[in-house]
Amino acid sequence: MYSSVNVIKKVEKPVLTYKDIPYKAALIFNAGVAKIDGKYVMLFRNDYGDYENHKLEGTNLGLAYSEDGINWKAEPQPCFAISSEEIHRIYDPRLTVIDGKCYICFAMDTNHGIRGGIGYTDDFKELKILSLSTPDNRNMVLFPEKINGSYVRLERPMPVYSRGKDRFDIWMSKSPDLKYWGESELVLGVEQVPFANDKIGPAAPPVKTKYGWLTTFHAVERDETRGKHGWEPRWTKIYYAGIMLLDLYNPAKVLGICKTPLIAPELPHETDEGFRTDVIFPGGMILEDNGEVKIYYGASDTVECLATADAEALAELCLENGI
Ligand code: BMA
């Protein structure tokens, strides 16, 4: 088992759980976070049902606000009810502010596969969809500015037929308008991550540092000998958070990657309590003016947590070993 790198400081308790939600809620996790006009906004995934009796009924998204990024208050109702005969649910939202507008990337389960979606909202009441990928693709994140004249996203297609089950990698695509996407390139292959023997995918949207784009990813390790974890009937995987640095002008180029997990499951709510324990899944990273990053992550697919680190120290960790 790995430990988190020593520059990571975890907040001891989750920052949001189902107990903080004023409507039906069970698993609160995999949130996207943005700082807008000095105030923090969180769009979180809620797999609702009966937590005590381990019964889940469905998924919706909820909204919470915070003045300090640590203490959160959830809004009275869930937001963005998007479903139809074809669409089952949207989940795992990631927020990126570009030129003052809040964009939302999300995964969408449909009758015909999993699609990656990109939309925006002006008021967190209505989600206006700009593009939906062909299946299967998800874990999309947008860079916070155009690079060489294009919008850029990281994404994780799932080529089961050719790569074999779960052997998935991180890709990048470009767009002139956030609607039409192309010029796709491989960014990081799963075989380049020493702590992943299964699949990897983008995590929180990248932040800009003078060294390059600093960005988290998730990395999955399978070790069936460790047995099942959590109250989900078959769960045996471990999800770590990793971190890498991408070139500022050509973000398909990895400048360096930290060779051990950035965040590993360690605290009781990360390893012992919940639906799928041993899962760390970042969805938000905020770079503060003092150089600190706040990294928000779902733990055990059950609660939303926060860790902090110095952005420069993280960039150095990536550059120490290169790729
Ligand atoms: C992934 C996604 C995430 C989830 C993770 C661990 O495949 O479904 O939403 O957090 O698995 O269960």
Requested in this report: Take every Cα-Cα distance within the range 232-316, group them into 10 Å bins from 0 onward, and report for each bin the whole-number percent of pairs it holds.
Outcome: 17, 42, 30, 11, 1
Report summary line: Of the candidates 268, 306, 240, the farthest towards the positive dipole end of the range 179-323 (Lys/Arg Cβ +1, Asp/Glu Cβ -1, centred on the Cα centre) is 240
Query raised in the report: In nanometres, what is the gap between the two model label sites at residue 208 and residue 225, each 7 Å from Cα along Cα-to-Cβ?
Result: 4.8
**Report entry** R0 of 22 Å, Cβ-Cβ distance residue 186-residue 161: FRET efficiency to nearest 0.05
**Finding:** 0.80
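Rounded to the nearest 500, what is the chain's calculated 222 nm mean residue ellipticity when only DSSP H runs of at least 4 contribute -39500 (n - 2.57) each, over all residues?
Working: 3 runs with 19 residues, N = 323.
Calculated from helices alone, the mean residue ellipticity at 222 nm is -1500 deg cm²/dmol.
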Requested in this report: Give the long-range amide H neighbours of residue 235: residues separated by 5 or more places, or on another chain, with amide H under 5 Å away, using H modelled in the peptide plane at 1.01 Å from N.
Outcome: 229
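Out of the total accessible area of the chain (probe 1.4 Å, heavy atoms of protein only), what percent is carbon and sulfur? Could the numbers behind the result be given before it?
On the way: 6430 of 13520 Å².
That fraction is 48 percent.
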Query raised in the report: Is the range 39-149 rounded, prolate or oblate when judged by the Cα gyration tensor, a ≥ b ≥ c being the square roots of its eigenvalues, rounded requiring a/c under 1.5 and prolate requiring a/b larger than b/c?
Result: oblate
Query raised in the report: Roughly how many nanometres apart are two label points built 7 Å out from the Cα toward the Cβ at residue 101 and residue 6?
Result: 4.6
Requested in this report: Would you pull out the residues with amide H under 5 Å of residue 25's amide H, same chain only if 5 or more places away, H placed 1.01 Å from N?
Outcome: 49
Query raised in the report: How would you classify the range 272-323 from its alpha-carbon gyration tensor, with a ≥ b ≥ c the square roots of the eigenvalues: rounded for a/c under 1.5, else prolate if a/b is greater than b/c, otherwise oblate?
Result: oblate
Query raised in the report: Computed on alpha carbon atoms, what radius of gyration and Dmax characterise the chain, expressed in Å?
Result: 18.0, 52
Query raised in the report: Taking springs between alpha-carbon atoms closer than 10 angstrom, which of 87, 118, 286 fluctuates most in the Gaussian network model of the chain?
Result: 87
**Report entry** the chain - percent relative contact order, Cα under 8 Å, separation 6 or more
**Finding:** 17
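Under a Cβ-only charge scheme (Lys and Arg +1, Asp and Glu -1), can you give me the dipole magnitude of the range 9-319 about the Cα centre, in debye to the nearest 20? Please list the in-between numbers first.
On the way: 37 positive and 46 negative charges, 109 e Å.
It comes to approximately 520 debye.
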Report summary line: Per-residue accessible area, 1.4 Å probe, largest first, puts 129, 8, 28 in the order 129, 8, 28
Report summary line: When the charge dipole of the chain is computed with +1 at the Cβ of Lys and Arg and -1 at the Cβ of Asp and Glu, the Cα pointing farthest to the positive end, of 127, 2, 214, is that of 127
Report task. Select from 198, 136, 68 the residue whose mean-square fluctuation is largest in a Gaussian network model of the chain (Cα-Cα springs shorter than 10 Å). Result -> 68
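Need the full-extension length gain, residue 129 to residue 50, defined as separation in residues times 0.36 nm minus the C-alpha distance. One decimal, nm.
Result for the pair: 25.3 nm of gain on full extension.
Using the heavy atoms of the protein chains alone and a 1.4 angstrom probe, what is the accessible area of the range 3-85 per residue in square angstrom? Could the numbers behind the result be given before it?
Values: 4320 Å² over 83 residues.
With the other protein chains kept in place, the range 3-85 gives 52 Å² per residue.
The values are calculated or read from the model by the stated rules, or taken from the named source; none is laboratory data. Keep in mind that what you see is a predicted model, and the values were worked out from it rather than measured. Reconstructed Cβ throughout: ideal geometry from the backbone, glycine too, with neighbour counts over all protein chains shown. We work out accessible area using only protein heavy atoms, side chains counted, and drop any ligands, DNA or RNA first. Shrake-Rupley method; radii C 1.70, N 1.55, O 1.52, S 1.80 Å.
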